[in-house]
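Below is one structure, written out as structure tokens; comments come after it.
The values are calculated or read from the model by the stated rules, or taken from the named source; none is laboratory data. Since we're looking at a predicted model, the values are computed, not measured. Don't worry about glycine lacking a Cβ; one is built from the backbone with ideal geometry, like all the others, and counts go over all protein chains shown.
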Amino acid sequence: MDTTTKNPTAPPVPGPLGAEQKRAARGATRPGDRIFLGLSRGSGILLLLIMAAIAAFLTYRAAIVLTKDQGNFFTTFEWNPTMDPPVFGIAVLAFGTVVSSVIAMALAVPVAVSIALFITHYAPRKLGGPIAYVIDLLAAVPSIVYGLWGALVLVPHMNGLFGWLDSYLGWTGIFEWQGGAPRSLLTASVLLAIMILPIITNVSREVFRQVPKMQEEAALALGATRWEVIRMSVLPFGRSGVISASMLGLGRALGETMAVATVLSPTFEIHASLLDPGGGTFAQNIASKFGEANEQGRDALIASGLVLFLITLLVNGAARAIIARRKEYSGASA
């Protein structure tokens, strides 16, 4: 005899979904959904194919000329692909690209995060809105405009800074200045910092706005000051977002071309001092030498572009990986 009792008010247990219910759950019953899914998937595949085609082209052209190089491509301090046999290397270019980008990041990230915090948590709405609008406009300024401003305004005004650094920090050797024109890696780094500042600020601002309001209100209810709320709630939540924003800015700094070319005096020498004129970057070297290079020289420039392509790809990939770790950015403040 079955002693179990049935509750007539209990809701029925749902059975397995039918075929049409499964299709409805996947959003595949409407023609518009199927078309949008196909277009989205096709766009993603097309983008991957374009990236693969670029990588294959750069690798093919680089392999042609690297087999003729009589030096070490990664350590040679000379660029003369017109010689027979050709000699060219990226040691100076790699040093200049990495150093200028790192200095630009060190200058831009603290300022960008501070501006983002000021807009989102300190400034009144009537003031924060215009500041955010100006930052958005700075992000849209072409790089050649930054380069012209740097050559005509920034470079002449760097003499005072260079003199101060030489007077107080010249003993380190890194900031020793011989009195030449301030067209050095430090000047290029300052210009790059100004260029990447809007990118880092905009992304960081949006991340800080996603902080759950309940966390901030709870901290305020417990007696925390505004800075304590930022330190305990805002910055921990937005750490990954700030890192990803910084890496996006780093990708922009690594690949910047015209702005660096207008303020830097290119030489294939590595100086101990950041204030000495000279140096070079991958993008600047390609832009300045591509027009006058022969076929072999263009292949050499493409080989250096392949290295820059890989570095930028790694930086952007790392940024995407960091963003993917924090799924709660989407609708976190809801």
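Being of a type in the set (D, E, K, R), in contact (Cβ under 8 Å) with a residue 60 or more places away in the chain and closer than 15 Å to residue 111 by Cα is a description that does not apply to residue 209. When 232, 247 are checked against the criterion of being hydrophobic (A, V, I, L, M, F, W, C), part of a helix (DSSP H, G or I), over 27 Å from residue 83 (Cα atoms) and free of Cβ contacts under 8 Å to residues at least 24 places away in the same chain, a single residue qualifies: 232.
Mind listing whichever residues of segment 236-247 are surrounded by fewer than 20 Cβ atoms within 10 Å (Cβ to Cβ) and in contact with a helix residue (DSSP H, G or I) (Cβ under 8 Å, 6 or more places away or on another chain)? Answer for segment 236-247, where residues must be surrounded by fewer than 20 Cβ atoms within 10 Å (Cβ to Cβ) and in contact with a helix residue (DSSP H, G or I) (Cβ under 8 Å, 6 or more places away or on another chain): 240, 243. Within segment 269-302, being out of contact with any Ser or Thr (no Cβ under 9 Å at 6 or more places or on another chain), crowded, with 18+ Cβ neighbours inside 10 Å and hydrophobic (A, V, I, L, M, F, W, C) holds for 300, 301, 302.
Going by what's in this entry, would residue 273 be described as within 26 Å of residue 117 (Cβ to Cβ) and either out of contact with any strand residue (DSSP E or B) (no Cβ under 7 Å at 6 or more places or on another chain) or not in a helix (DSSP H, G or I) (or both)?
Values: within 26 Å of residue 117 (Cβ to Cβ): no; either out of contact with any strand residue (DSSP E or B) (no Cβ under 7 Å at 6 or more places or on another chain) or not in a helix (DSSP H, G or I) (or both): yes.
No: the conditions fail for residue 273.
Against the conditions (1) modelled with pLDDT under 85; (2) within 18 Å of residue 102 (Cβ to Cβ); (3) part of a helix (DSSP H, G or I); (4) of a type outside the set (D, E, K, R), residue 296 satisfies every one except (2).
Looking only at residues in segment 303-334 that are crowded, with 16+ Cβ neighbours inside 10 Å and at pLDDT below 75, the one that is nearest to residue 86 (Cα to Cα) is 319.
Against the list (1) closer than 23 Å to residue 242 by Cα; (2) of a type in the set (Val, Ile, Thr); (3) at pLDDT below 90, the condition residue 99 fails is (3).
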